[in-house]
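Scroll down for the structure; my scribbles are underneath it.
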Amino acid sequence: MSFPEVHLADADPTTLRVYRNLMTAAGSGSPALIFRHMATYPGLLDWIWAAVGADVEAGWPGVAVWQVVKDQGAVSLPAFSGDELAGAGLDGDARTTVGHMLTSYNRMNPVNLIAVGAARALIAGDDVPLPTQPFSEAAATPPAPPPDLPRPLKLAGLDDRLQAAIAGICRTIPKAEIAGTPVDVTPTMYLHFAHWPRFMHLVAGRLDTALPEIDRATHAFHAACRPLIGQLLAKAKARNPGPVPMADPTPLLRVMDTFAYVIPHMVVVGAALEAALDA
C-alpha cells in the first residue's frame, strides 16, 4: 500500500490555494508530503489554514524556526567534490535544480513542523507549554521561492538497488498506519534526488553512516521547537476554527505522530546535505 497523497499537479482549486499559500509563506517550490496527505481528508486543509494560516503567512513562525535551525547547527557529513558530482551525472543545470530542492525543503520543513505540531495539538486537545520568552511576532516578508520542483519519482519505479539504499536510510523512520495497515513513509526529498540515481546513491552512503548522530539531532531539534509550537497553538486556540471536519481524527493523529519524527529528521538531513554540498 502506498502512502495516500494529492500531488500539486492533481490538486483541486481549493487544495491548490492552500498549497500555494504554504509555498509562498515558506519560500518553497513544493508542498510538503504531510500536507499532500492531509489533502485526502475533505475540508481538513481549509480548517488547518483557518487555525494557523494567518500566522504562517505573517512570516514570524518561519523567522523563529529558521533561527532554531541555525542555532542547532548541521550534522557533519563528508563534503561532495566536484568530480563526485560530475561522476554522479550532475551537470551545471542539475546542480542548480538540486540546490532549488534543498532550498525548498530546508525552508519548508521547519515551518511545517511548527504548523503541523500546533494543528496536531489543537485536534487532540493537548496543551503545549508557552515559551518562557515569547518569540517575536513581527511580520516578515518570506524569501522568494525557487521555481516549482519537478514531480518526484515513485519509489516502486526505481531499480531494486536504489530502493534498497533509500529504505536503508529510512530505517529510523516509524511506519504510518493507514486504514489499519503499517505503511512506509519515504521522504519526498529522496524521490526528487532519484531523478539522478547515482547522486541519490552518494547521498545514501553519507547519510547511512551518520544516522545515529542524525537521530540524536532530530530529537534535539524537535524539543527545541516545542515552545514555538506552544506559542502558535495558543494563537490557533484564540482564533477558534471550530471542530475538526472529521468524525474520528484518531487515524490522522497517528499519521501526524509519525511525521513528528519525519519532519525534524528531514530538517536535520537537509541542513547536513546543504552544508556538505556547499563545502
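Numbers below:
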| quantity | calculated |
| --- | --- |
| Residue within segment 203-217 that is open to solvent by less than 60 Å² (accessible area, probe 1.4 Å) and among the hydroxyl-bearing types (Ser, Thr, Tyr) present | no |
| Tabulated pairs, segment 234-259, first free of Cβ contacts under 8 Å to residues at least 12 places away in the same chain and over 15 Å from Thr40 (Cβ atoms), second of a type in the set (A, V, I, L, M, F, W, C) and assigned to a helix (DSSP H, G or I), C-beta under 9 angstrom, 6+ apart or interchain | Asn240/Ala51; Pro243/Trp47 |
| Out of Thr15, Thr40, sole residue that is open to solvent by 10 Å² or more (accessible area, probe 1.4 Å), assigned to a helix (DSSP H, G or I) and either within 13 Å of Asn109 (Cβ to Cβ) or not aromatic (Phe, Trp, Tyr) (or both) | Thr15 |
| Conditions (1) open to solvent by 60 Å² or more (accessible area, probe 1.4 Å); (2) without any contact (Cβ under 8 Å) to a residue 60 or more places away in the chain: number failed by Thr132 | (2) |
| Single residue of His222, His265 found to be part of a helix (DSSP H, G or I) and open to solvent by 10 Å² or more (accessible area, probe 1.4 Å) | His222 |
| Options Arg206, Arg198; residue that is over 21 Å from the mean Cα position of the chain (by Cα) and farther than 24 Å from Asp126 by Cβ | Arg198 |
| Candidates Gly73, Gly92, Gly29, filtered to the one that is open to solvent by less than 20 Å² (accessible area, probe 1.4 Å) and farther than 28 Å from Leu253 by Cβ | Gly29 |
| Exclusive hit being on the phi > 0 side of the Ramachandran plot, more than 13 Å from the chain's Cα centre (by Cα) and crowded, with 17+ Cβ neighbours inside 10 Å, set Gly53, Gly59 | Gly59 |
| Given (1) in contact with a helix residue (DSSP H, G or I) (Cβ under 8 Å, 6 or more places away or on another chain); (2) within 28 Å of Ala176 (Cα to Cα); (3) open to solvent by less than 40 Å² (accessible area, probe 1.4 Å), number of the condition Gly99 does not satisfy | (2) |
| Those residues of segment 20-37 which are aliphatic (A, V, I, L, M) and either over 18 Å from Ala9 (Cβ atoms) or in a helix (DSSP H, G or I) (or both), in sequence order | Leu22, Met23, Ala25, Ala26, Leu33, Ile34 |
| Pairs where the first residue, in segment 157-177, is of a type in the set (Asp, Glu) and the second is open to solvent by 50 Å² or more (accessible area, probe 1.4 Å), C-beta under 6 Å, 6+ apart | Glu177/Arg254 |
| Selected residue (criterion: farthest from Phe259 (Cα to Cα)) from residues of segment 143-171 that are assigned to a loop (DSSP other than H, G, I, E, B) and in contact with a Leu (Cβ under 6 Å, 6 or more places away or on another chain) | Leu153 |
| Options Met256, Met200: the member that is in contact with a Lys or Arg (Cβ under 6 Å, 6 or more places away or on another chain) and open to solvent by less than 20 Å² (accessible area, probe 1.4 Å) | Met256 |
| Subset of segment 225-253 [open to solvent by 50 Å² or more (accessible area, probe 1.4 Å) and not in a helix (DSSP H, G or I)] | Asn240, Pro243, Pro245, Ala247, Asp248 |
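Here's the yes/no breakdown for (1) at pLDDT 95 or above; (2) polar (S, T, N, Q):
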residue	(1), (2)
Arg20	no, no
Ala25	no, no
Leu44	yes, no
Ala51	yes, no
Val56	yes, no
Gln67	yes, yes
Lys70	yes, no
Ser76	yes, yes
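The values are calculated or read from the model by the stated rules, or taken from the named source; none is laboratory data. Bear in mind the structure is a predicted one, so any value in this text is a computation, not a measurement. As a convention, Cβ positions derive from the backbone with ideal geometry for all residues, glycine included, and neighbour counts pool all protein chains shown. Calculation scope for accessible area: heavy atoms of the full protein, side chains included, ligands and nucleic acids excluded. Shrake-Rupley method; radii C 1.70, N 1.55, O 1.52, S 1.80 Å.
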